[in-house]
Amino acid sequence: MLKQFPPRFGTADELKDLQNRGLKWTVEHAGNNSPFYRKQFEAAGITPTDIRTIDDLEKLPFTTADDLRAGYPFPLLAVDPAEIVRIHSSSGTTGKRKILSYTRNDIDDWSYMFGRCYEMAGVTRQDRVQICVGYGLWTAGAGFQLGCERYGAMAIPAGPGNLEMQTSLLVDMQSTVLCCTASMGLLLAEEVHRRNLKDKIALRKVILGAERTSEAMIAVIREHLGVEEVYDIPGLTELYGPGTGLSCRCNSGIHYWADYYLLEILDPETLRPVNPGEIGEMVFTTLRKEGTPLVRYRSRDLTRLIDGDCPCGCGLPRHDKILGRSDDVVIFRGVNMYPGQVDEILSGISGLGSEYQVILDHQDDGKDSMAVKVERARDGAPEDDERLGKAIVRAIKQALFVSCTPEIVPNGSLPRSERKTARMFDNRKY
Ligand code: ZN
């Protein structure tokens, strides 16, 4: 199916062989050339030659975001700085930035992976790709741009924000593919609707990246922009950036590029593999990365693996969408809750809009309370609020075993942002 950027393997055995060789290479490369990893391996009593196959993976120590910050400005570096052709940085909400270094081969691999995303999304060389994500130190803009040019479509590097400019580009350039965060996609969809431009634009695909998405947001984007297909690209700066996988066109999970990295799903507490299909933390080990190789890097992102053959026929393995971060998990009345679950639950109730807030509070009587504020659908009426409120209480009770107080608010009344929109507010004091 994929012609320009096919998987680097044919059969399952070939993939295993490629992964065994990639892991062996990475451990030797990191252990021999990175002072950080040399120390890590020594502390764990491992010499690189101990690692022969992916079954030895569990012997290796973990790497964390703290290790990246502690090594500022060139953490985990495993090549001579002269080999570095580019750096990127992730947001890093606290302390120093996490800086990642790329060699020429790393950039080449990243563009191959990203080219595969465009190819799998059915983008053609005739497409005009409006890229509305952040440029600069971020990986998003650079990644979408790199993949687009490598693939051979026309890149329109619009950057984020500026709805006035975005809508005029959509009309004047007749962009056919839109790349943005889900929050930005929603803003733009609402703007196109407000200006009544749906018939003047030519979009046919939207590729969302760098943020969790919900079915409800995708429905609004699909409707107002008149697009046929909406894809989702996972992206972690530490792992090249966006472009390391793509949601399946059959809507059956995210295919990930197992020929470039190993993905473990581990229990964040015990750091042991979860049972098949259970939710756990994504832990990454790269197979070819030169500048900043990752060995068992704890991403804090939560998802689960999806077993079996995909109906789309693609042989690349799958994981579910990102269901939240292990740091964002809140414990409410003894139940582990993560934002992605609330997305899923609310998306299943018709008549609701895409935006919501969950507010956790500590009451005077010593109990914790949970309020769920959700927007009505755009064409919804207040007469329907009581029914919707009851449906929310029922669905949350069923999925999370907790009670909540619903509030239905007018469509468009909850805050929106171009970047990640905050939806979970924990006001409890501990
Ligand atoms: Zn598929």
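Looking across the stretch 248-269, the residues that are touching a residue at least 24 places away in the same chain (Cβ under 8 Å), surrounded by fewer than 19 Cβ atoms within 10 Å (Cβ to Cβ) and within 16 Å of the ligand (Cβ to nearest atom) come down to ARG249, CYS250, SER252.
A single member of GLN363, GLN357 is open to solvent by 10 Å² or more (accessible area, probe 1.4 Å) and at pLDDT 90 or above, and it is GLN357.
Residues that are over 17 Å from the mean Cα position of the chain (by Cα) and open to solvent by less than 30 Å² (accessible area, probe 1.4 Å) within the stretch 322-334 comprise VAL330, PHE332, listed in sequence order. Looking across the stretch 297-321 at every residue that is open to solvent by 50 Å² or more (accessible area, probe 1.4 Å) and touching a residue at least 60 places away in the same chain (Cβ under 8 Å), the one that is farthest from the ligand (Cβ to nearest atom) is identified as ARG300. Among the residues of the stretch 48-82, which ones are open to solvent by less than 40 Å² (accessible area, probe 1.4 Å) and part of a loop (DSSP other than H, G, I, E, B)? Across the stretch 48-82, the qualifying residues are ILE51, LEU60, PRO61, THR64, GLY71, PRO75, LEU76, LEU77, ALA78, VAL79. Here VAL133, VAL123, VAL129 are screened, and the one residue that is assigned to a strand (DSSP E or B), closer than 19 Å to PRO242 by Cβ and in contact with a strand residue (DSSP E or B) (Cβ under 8 Å, 6 or more places away or on another chain) is VAL129. Could you tell me whether any residue of the stretch 83-104 is aromatic (Phe, Trp, Tyr), over 23 Å from GLU281 (Cβ atoms), part of a strand (DSSP E or B) and at pLDDT 95 or above? The answer is yes, given that some residue of the stretch 83-104 is aromatic (Phe, Trp, Tyr), over 23 Å from GLU281 (Cβ atoms), part of a strand (DSSP E or B) and at pLDDT 95 or above.
I need the full set of residues from the stretch 379-422 which are surrounded by 12 or more Cβ atoms within 10 Å (Cβ to Cβ) and either assigned by TED's automatic domain parsing to the domain that holds GLY161 or of a type in the set (Ser, Thr, Tyr) (or both), in order please. Passing the criteria: THR405, SER417, THR421. The residue that is farthest from ILE99 (Cα to Cα), counting only those in the stretch 236-247 that are more than 11 Å from the ligand (Cβ to nearest atom) and among the polar types (S, T, N, Q), is THR244. Only residues that are over 26 Å from ALA121 (Cβ atoms), open to solvent by less than 70 Å² (accessible area, probe 1.4 Å) and either modelled with pLDDT under 95 or part of a loop (DSSP other than H, G, I, E, B) (or both) were counted in the stretch 1-47, giving 4.
The values are calculated or read from the model by the stated rules, or taken from the named source; none is laboratory data. Since we're looking at a predicted model, the values are computed, not measured. When we count neighbours, we look across all protein chains shown, and the Cβ atoms used for this are built from the backbone with ideal geometry, even at glycine. Remember, those area values only see protein heavy atoms, side chains included, never the ligands or the DNA or RNA. Shrake-Rupley method; radii C 1.70, N 1.55, O 1.52, S 1.80 Å.
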